[in-house]
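Everything below concerns the one structure shown next.
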Amino acid sequence: MKNKIIVIFILIIAACSPLTITSESPTQQADATKTPKATKTPNEQSQFEALKDAVQNQTVQVWYPWVGVEAGVFESLVKKFNKTNEWGIVVIAISQNNFSYLYEMTTTSLPTAERPNLAIALPEHALKWDANSFVIDLTPYVEDISYGLALDDFPTIFLTQDKVGDRRIALPAQRSARFMLWNESWARQLGFDSAPKNPNEFREQACAAHLTMLSDAPAENDGMGGWIIDTSWQSAVSWLIGFEGGVLEQNDYRFLTPNNIEAFTFVKETSDMGCAWKPAPDANTFAAFANRQALFASISLEDFPKQTRAFADANNADNWIAIPYPQNGLIVNGSSYVMLESTPEEQFATWLFLRWMLEPEQDARMVEATHLFPIRKSSVDLLNDYMKSHPRWVKAVTLLPDATIQPQLASWREVKVMIGDGFESMFRVDMLSGRVAEILAKMESTSRELSK
């Protein structure tokens, strides 16, 4: 594959009042923390009624991508399900160590009897498998009168990612986003009372921080200050979106547009001015941000605890918060539950486990372990203690009303890597800002080649 590698929450917070999560309009928020229940009408019956006896003692194999804490919590939940479920279903959970290996192993297994019943994979993986007709449409399961799910208990932005036309090829397992971090305490000392809301304000604050590095005694920090350059695909696409650009036109990749040129030129010129700096490959950016070597940094939601510990290690009491990239550049991404084709009995057993994992109790447990977004609105009722001890997490999820999803294309698996590589190339010493259009043109041609 080497030659082919060259993209709602509104948390309404009031002091000492319960937290409500919704992606709907204010008039729809009243019952956001309650899980609606389906109401049977006369003569209506579950389409799975005939399978409720056949599902007894079925075995379900689940492949998941995690190691460490996430794997431990998931395995403990599997054990709980195996011990308590009323059907005697036995779930066998097997770690594939990471998403890439899980994708390769699952893809190889699809034509065989060895494929898993359920894979916790990225949405672009599901799209690829679905193109080969191995993915089960979850719509009949979700809408079932007895065994379905109340989808209005899920933020719409989370559900949209895995909806393809009238088919639901997966359901959200985890959702995250990559944020810009802003040192509020330092910014106020520099004379700024609020976080930047547009690119010009961002550059003004970043350059003010850089000037403090030039004016102090140590010469070794003269190249620091401003933003620690982050070349992840999430960061690159967030900058494009902030300038009202993006990576798609209709349902095809499009990079070479005036807005995208403006976005990348702005970032490159900010770097050329010294107001954004590239860390060494082995640099600890958490420590750099905590030690006031940068006013801005970029991290994903799950890394908030690491940043908090870095400030504690630095004995720094500065207040830092998460903000979107200038002008609401924010991408939601994460893994999904993908059911693969098997017998009707195995599929129903798989659904019963999947549905159980999405119950608020299990969802809240995963949030506490992973620090990601809760998948269900009603899970918030079980996270009061977590929210009290993680106020920056609470603040971060308030930014999601204007967030967007990544492209719904199977080729995104490779295209997103290419975007990160292309964005990285912009910050070479000999790279001129006038060549931004050239990089975007190369991204466009490469992405279309990858999508063939």
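Structure summary
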| quantity | calculated |
| --- | --- |
| For Ile321: the one exception among (1) buried (at least 20 other Cβ atoms within 10 Å of the Cβ); (2) in a strand (DSSP E or B); (3) not small (Gly, Ala, Ser) | (1) |
| Tally, over the stretch 190-217, of residues that are at pLDDT below 95 and either crowded, with 19+ Cβ neighbours inside 10 Å or not assigned by TED's automatic domain parsing to the domain that holds Pro326 (or both) | 1 |
| Lone qualifier among Lys416, Lys442 - being assigned to a helix (DSSP H, G or I), over 24 Å from the mean Cα position of the chain (by Cα) and buried (at least 16 other Cβ atoms within 10 Å of the Cβ) | Lys442 |
| Members of the stretch 117-171 found to be part of a helix (DSSP H, G or I), over 18 Å from Met357 (Cα atoms) and among the charged types (D, E, K, R), listed by number | Glu124, Lys128, Asp130 |
| Condition met for Asp130 (crowded, with 19+ Cβ neighbours inside 10 Å, acidic (Asp, Glu), touching a strand residue (DSSP E or B) at 6+ places or on another chain (Cβ under 8 Å) and under 28 Å from Glu302 (Cα atoms)) | no |
| For Ala396: the one exception among (1) out of contact with any Pro (no Cβ under 7 Å at 6 or more places or on another chain); (2) surrounded by fewer than 20 Cβ atoms within 10 Å (Cβ to Cβ) | (2) |
| Answer from Arg355, Arg365 - the residue that is in the same structural domain as Thr112 (by TED's automatic domain parsing), buried (at least 17 other Cβ atoms within 10 Å of the Cβ) and closer than 25 Å to His390 by Cα | Arg365 |
| Test: Ser232 is closer than 15 Å to Phe296 by Cβ and within 23 Å of the chain's Cα centre (by Cα) | yes |
| Subset of the stretch 353-382 [in a helix (DSSP H, G or I) and in contact with a strand residue (DSSP E or B) (Cβ under 6 Å, 6 or more places away or on another chain)] | Phe353, Leu354, Lys377, Val380 |
| Number of the exception - Leu330 against (1) in contact with a Ser or Thr (Cβ under 7 Å, 6 or more places away or on another chain); (2) modelled with pLDDT of 95 or more | (2) |
| Unmet criterion (only one of (1) surrounded by fewer than 18 Cβ atoms within 10 Å (Cβ to Cβ); (2) of a type outside the set (Val, Ile, Thr); (3) closer than 27 Å to Ala208 by Cβ; (4) touching a Pro at 6+ places or on another chain (Cβ under 9 Å)) for Leu330 | (1) |
| Some residue of the stretch 228-249 being farther than 29 Å from Leu372 by Cα and assigned by TED's automatic domain parsing to the domain that holds Glu438 | yes |
| Residues being part of a loop (DSSP other than H, G, I, E, B), surrounded by fewer than 19 Cβ atoms within 10 Å (Cβ to Cβ) and not acidic (Asp, Glu) - total across the stretch 419-439 | 5 |
| Evaluation of Ser451 against (1) closer than 30 Å to Ala131 by Cβ; (2) surrounded by 20 or more Cβ atoms within 10 Å (Cβ to Cβ) (one fails), failing number | (2) |
| Boolean, Leu151 is out of contact with any Lys or Arg (no Cβ under 7 Å at 6 or more places or on another chain), of a type in the set (A, V, I, L, M) and not assigned by TED's automatic domain parsing to the domain that holds Ala297 | yes |
| Test: Ser176 is under 25 Å from Phe304 (Cα atoms), under 23 Å from the mean Cα position of the chain (by Cα) and surrounded by fewer than 22 Cβ atoms within 10 Å (Cβ to Cβ) | yes |
| Positions within the stretch 88-114 being farther than 22 Å from Arg413 by Cα and in contact with an Asp or Glu (Cβ under 9 Å, 6 or more places away or on another chain), in sequence order | Ala93 |
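The values are calculated or read from the model by the stated rules, or taken from the named source; none is laboratory data. If you're wondering where the values come from, they're calculated on a predicted model, not measured in any experiment. Don't worry about glycine lacking a Cβ; one is built from the backbone with ideal geometry, like all the others, and counts go over all protein chains shown.
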